[in-house]
1. Ignoring the sites themselves, what is the longest stretch of the chain with no GluC sites (Glu not before Pro) in a DSSP loop and at most 11 other beta-carbon atoms within 10 Å?
2. When all protein chains stay in place, what accessible area (Å², nearest 10, 1.4 Å probe) is found for residue 170?
3. Skip the ligands, DNA and RNA, and give the accessible area per residue of the chain with a 1.4 Å probe, whole Å².
4. Which residue, chosen from 263, 95, 24, occupies the Cα position most advanced towards the positive end of the dipole of the chain, where the dipole is computed from +1 (Lys, Arg) and -1 (Asp, Glu) charges on Cβ about the Cα centre?
5. What trypsin sites (Lys or Arg not before Pro) does the stretch 87-140 have in DSSP loop regions with at most 14 other beta carbons within 10 Å?
6. How many angstrom lie between the Cα centre of the stretch 224-243 and the Cα centre of the stretch 254-272?
7. Shape of the stretch 31-131 from its Cα gyration tensor (a ≥ b ≥ c, root eigenvalues): rounded if a/c is under 1.5, otherwise prolate when a/b > b/c, or oblate?
8. From the phi angles alone, apply the Karplus equation (6.51, -1.76, 1.60; θ = phi - 60°) to the stretch 206-211 and give each ³J(HN,Hα) in whole Hz, x where the residue is Gly or Pro.
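The values are calculated or read from the model by the stated rules, or taken from the named source; none is laboratory data. The structure displayed is predicted, hence computed values, not measured ones. Virtual Cβ from ideal backbone geometry, glycine too; neighbours counted across all protein chains shown. Heavy atoms of the whole protein, side chains included, go into the accessibility calculation; ligands, DNA and RNA do not. Shrake-Rupley method; radii C 1.70, N 1.55, O 1.52, S 1.80 Å.
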Amino acid sequence: MRILHTGDWHVGRTLRGRSRAAEHRAVLDEIAGIARDRAVDAVLVAGDVFDNSAPTAESEAIVYEALLALAETDAHVVLIAGNHDHPGRLGAVRPLLELGRVTVQSTLVRPQDGGLIHVRGRSGETARIALLPFLSQRGIISADVLMDEDADRRVLKYADRYEKLVRALCASFDEDAINLVLAHATVFGARLGGGEREAHTIFDYAVPAAVFPVTAHYVALGHLHRTQRVEAACPVWYSGAPMQLDFGEAGNEGAVLLVDAEPGTPARVERIPVTSGRPLRTLRGTLDALAAMTDDVGEAMLRVIVDEAPRSGLADEVRASFPNAVEVTVAPHLEDEPEQEEWSLDAMRHSPIDLFEEYLAAKRIKDRDALTRLFRSLLEEAVAPDASGD
């Protein structure tokens with residue numbers, strides 16, 4: 001059986017306020033094309049299809065159209081909820097998606113209630129797939145334990161209970177079928193991608209790779225954005241995000257994983273690059289040094305760190321040279337403030353103009369006279385009475 005493993009789409013994610021909807025459409029179209037060209041039997045989507053639990057109508061349209069496009073390749077699509085997805089919202093559209101050969105499991109349920117599904121491949125092979133959507137501590141550990149136990153004990157209890165759940169879901173795995181696990185979780189030994197929500201990746205939510213049974217032919221994971229294999233007794237992989245989501249992920253390359261599995265042997269895994277997303281890059285230097293980089297950035301979206309003292313119009317100059325710059329900052333060491341005395345009531349006796357001038361001096365801003373004139377004009381406009389005399 002041939003399986004395509006993907007996840008962590010994070011549709012709805014913006015970059016410093018800029019929409020990435022067009023990129024997401026292109027990336028998901030590319031993934032559907034890979035599923036079609038490689039004639040996959042099943043597509044496993046390992047959660048976090050949305051970036052937040054209250055997605056916009058545009059984000060929902062992108063995700064649901066992508067799921068149906070994957071199903072139109074004659075593959076059976078299986079989706080679990082991640083920590084960014086709203087289980088109730090995914091559950092609400094489940095009946096409609098199932099009409100299009102898309103299986104959705106947004107909450108943990110017993111094997112007989114949908115926690116373990118069977119999928120038949122094009123050649124008649126059967127895959128058993130254990131479904132483990134994201135589980136918070138509150139969802140896996142009783143409230144009294146959360147209140148009374150210390151953090152180390154909570155980690156142990158989370159991992160212990162997670163292992164019991166995996167064991168229950170995988171109890172029927174045997175050598176006659178292809179045994180798969182689809183989970184959204186943090187596994188010890190894996191590396192962060194750089195753009196994950198840290199509260200749900202730190203140790204409180206981590207489990208050892210040993211929780212997954214040796215009888216599994218392949219474990220498809222979502223949650224961490226870097227494509228990687230985790231050392232375990234069976235093949236355990238994160239597909240990673242198919243596009244770079246933030247500048248912390250600038251070193252990651254978007255990908256999906258193509259998995260060939262058959263009874264009796266470990267799965268064979270091929271990494272397939274996904275190239276439709278725009279790369280993210282960080283540039284740093286003086287204005288002169290940055291000017292020499294203008295021909296080397298292509299379509300990348302940029303974070304530019306300028307090694308110049310702060311002054312009026314600096315960001316505009318950078319953006320004129322780099323139209324794709326979504327963030328322009330001054331190098332941190334140039335923003336260090338000299339030690340100042342604490343504010344006192346005496347300071348409140350100064351006029352707003354005096355306080356603004358003191359601020360500019362403390363920040364070592366150039367063009368202080370021009371900025372002060374502008375501030376004075378804005379202040380006069382703000383406090384002037386309107387035409388009605390109110």
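1. Numbers: sites that count: 175, 231, 299, 339, 341, 342.
With GluC sites (Glu not before Pro) excluded where exposed in loops, the chain gives 1-174 as its longest stretch.
2. Its accessible surface works out to 10 Å², give or take rounding.
3. Working: 19140 Å² over 390 residues.
Here the per-residue accessible area is 49 Å².
4. Final value for the positive-end residue is 263.
5. Values: sites: 89, 101, 120, 122, 128, 138; in loops: 101, 122.
When the trypsin sites (Lys or Arg not before Pro) of the stretch 87-140 are filtered for loop state and at most 14 Cβ neighbours within 10 Å, 122 remain.
6. Each part reduced to its Cα centre gives a spacing of 11 Å.
7. Numbers: a/c = 2.11, a/b = 1.21, b/c = 1.74.
The shape class here is oblate.
8. 9, 10, x, 5, 5, 5
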